[in-house]
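A quick write-up on the structure given underneath.
The values are calculated or read from the model by the stated rules, or taken from the named source; none is laboratory data. These numbers were taken from a predicted model, which means no experiment stands behind them. All Cβ positions, even for glycine, are placed from backbone atoms using ideal geometry, and neighbour counts span all protein chains on display. The accessibility values were calculated without ligands, DNA or RNA, using every heavy atom of the protein model including side chains. Shrake-Rupley method; radii C 1.70, N 1.55, O 1.52, S 1.80 Å.
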Amino acid sequence: MTRWTFVIAYYNEADYLPATLATLAAQGVPFRLVLVDNASTDGSDAIARNFAAPGVEVVHCQEARPGKIHALEAAMAHLTTEFSAFGDADTFYPPHYLAEAERAFDADPAVVAVMALGVDASGQPLRRALYSGIVTKILSKQTHTGGYGQAFRTSALGQAGGFSEKHWPYVLLDHEIMQRVAKLGRVVYPYRFWAKPSPRRADRRRVRWTLAERVLYHLTPFAAKDWYFYRFLGPRLQARGITHLNLRDKPWEAK
């Protein structure tokens, strides 16, 4: 029985999508793969439609409305399995990725989300040990990863409202969704649960919060995080015009 759905929303990722799909083909557990084409123009959709692998049920979706939140919202209707993982089209996932998340969910029914730490080519074992052993236990209700490495108990994700523009039309949607999901149970960062996002995304000027906003995020108690997101950060991002559409920017292509 398939317990997993893995969602990848993509927009013009022809250079990276084949490698990411290859890592997903090597997963040790069967799963449904939902690939959402967000109006690509570079042939990414053809790459996605040619993908097949043993143990992987592939579902293809088209979302013409530009913006990652629309693509993720389109995927929500296909989340009928016990667990749901969300990833990016330019990320390496080790063969034990889904199995490790499944192990964490099965170990504690109170766990509603299992988060993967992003690492570089070295694997950063010390950083993973620090975060999985200390930081994420002290700051367990805060988000320490990006949209490339989030796995949810599907029932909790649905109860929280899922990905939807009506909840959050800005960047940092990976942080905002965790604010809603974390109200429902535990969030864990296992040491062996990691992924390698592409280093090309180092330039985040068009999607970044300010240093003051980031510091305040970490200092704000979880009980006051609704105020932080919906009364403080959201209006500030709106005033600066930083919506989820900014995530379509690819500044590295202009270099």
Rounded percent of accessible protein surface that carbon and sulfur make up, the chain, 1.4 Å probe:
57 percent
Estimated vicinal HN-Hα couplings, Hz - region 86-95 in sequence order (Karplus 6.51, -1.76, 1.60; Gly, Pro = x):
10, x, 10, 7, 10, 10, 8, 10, x, x
Rounded to the nearest 500, what is the chain's calculated 222 nm mean residue ellipticity when only DSSP H runs of at least 4 contribute -39500 (n - 2.57) each, over all residues?
-7500 deg cm²/dmol
Dipole in debye (nearest 20) - the chain, about Cα centre, beta carbon charges: Lys, Arg +1; Asp, Glu -1:
960 debye
Could you state the number of Å between the C-alpha centres of region 7-24 and region 160-193?
22 Å
Choice from 85, 75, 39 with maximal GNM fluctuation in the chain (Cα, 10 Å cutoff)
39
Which whole-Hz couplings ³J(HN,Hα) result when phi for each residue of region 98-113 is put into the Karplus expression 6.51 cos²θ - 1.76 cosθ + 1.60, θ = phi - 60°, listed in order with x for Gly and Pro?
5, 5, 5, 5, 4, 4, 5, 5, 5, 6, 8, x, 7, 6, 9, 8
Among bridges DSSP assigns within the chain, what percent are antiparallel (round to 5)?
30 percent
Subtracting the Cα-Cα distance of residue 155 and residue 2 from 0.36 nm times their residue separation yields 53.5 nm
Using the Cα centre of region 1-146 as the reference point, and only Cβ charges (+1 on K/R, -1 on D/E), how large is the resulting charge dipole? Debye, rounded to the nearest 20.
440 debye
Built amide H within the under 5 Å cut-off of residue 14, gap 5+:
44
Kindly write out, for region 150-167 in residue order, the coupling ³J(HN,Hα) from the Karplus curve 6.51 cos²θ - 1.76 cosθ + 1.60 (θ = phi - 60°), rounded to whole Hz, with x marking Gly and Pro.
10, 10, 10, 6, 4, 4, 5, 4, x, 4, 7, x, x, 7, 7, 4, 5, 7
Calculate the spin-label point distance for residue 82 paired with residue 103, positioning each point 7 Å from the Cα along the beta-carbon direction, and give it in nanometres.
1.6 nm
Global form of region 125-237, assessed from the alpha-carbon gyration tensor, a/c cut-off 1.5
rounded
